[in-house]
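**Student:** If you scroll down you'll find the structure; I have some questions about it.
Readers should treat all values here as calculations from the given coordinates under stated rules, not as data from a laboratory. Values in this document were obtained by computation on a predicted structure and should not be read as measured data. Backbone-built Cβ (ideal geometry, glycine too); neighbour counts: all protein chains shown.
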Amino acid sequence: MEIRYLRLKAFYTFLFIQFAVPSGNIHLGVMLPTSRPGFSELGRALELVIAPAIQHVYNHSRLSGQWNITYTVKDSACHKTAAIGKTYELYTADAFIGPACSDSCLSAGLLASYWNKPMISYSCSSVELSNRLFYPTFARTQPFSRTYSRETPDILLQSMRVYNWARAAIISTEDLVWTPIAISMTELFQKNNISVPFKGFYVPSSSFSHHAFLSQVKDKARSKQCFFLFFKVFFSGLHFLIMTYVYVAFKCQEQDT
């Protein structure tokens, strides 16, 4: 809860600093996934911290008590049709917080852009949302590897250097986003004298065997002392990809003999 509170607090603060409107009323349209299975707990937890977050803005920002900050919560359901519908219902809002899922942000963000109103999401990793032509008023409060695909390999390289790691096994889902990142990371590692004894791709499915796949990693990249660095994205449902294991990086100090 504390982490969620801090994130919510951060984007509220960012929003209010950017407002160049005279003192008066600010109404926020807050969109949370309060009904979709797998996301409802997140939505309900975030709803609990809206009021404390606004109070924090009053207590610790340059806003004075003359500002009247109000909000309305709508259930975006992590569904692109529901999200744009709820955004329309919140047309009187000065700015929008959320939604939580990329499909929702892609649809609702277009409407916010048409109205020239800020939309600040605490999630949503789609690369398309970085297109300023279509989403000039959209922002998000946390980075994602696939959003910053060019920077991710170098970030991981610097992490390897910090810990003096010399070997890495790279595992990625086979798709248009993660496969190019994994390939770029392999090339960058090898150019910088970091051994990549294993690079593998897989397609998540009900028949996929993690045990069999990881056995290959063990055979080719196993060491006596390894530390694992996981970059995850969660997977939920048949049609909704939020995360799946993307990388497994091994720190290998000694190879098996």
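**Student:** In nm, to one decimal, how far is the LYS220 label point from the SER207 one, both placed 7 Å along Cα→Cβ?
**Tutor:** Going from the LYS220 label point to the SER207 one covers 2.2 nm.
**Student:** Between GLN142 and VAL162, what is the FRET efficiency for a Förster distance of 22 Å, r being their Cβ-Cβ separation, to the nearest 0.05?
**Tutor:** 0.55
**Student:** Determine the gain in length on full extension of the stretch TRP115-PHE134; use 0.36 nm per residue of separation and subtract their C-alpha separation, reporting nm with one decimal.
**Tutor:** That pair, TRP115 and PHE134, stretches by 5.6 nm at full extension.
**Student:** Using a Förster distance of 25 Å, how high is the FRET efficiency between GLU41 and ASP175, based on the Cβ-Cβ distance and rounded to 0.05?
**Tutor:** Given R0 = 25 Å and the Cβ-Cβ separation, E is 0.35.
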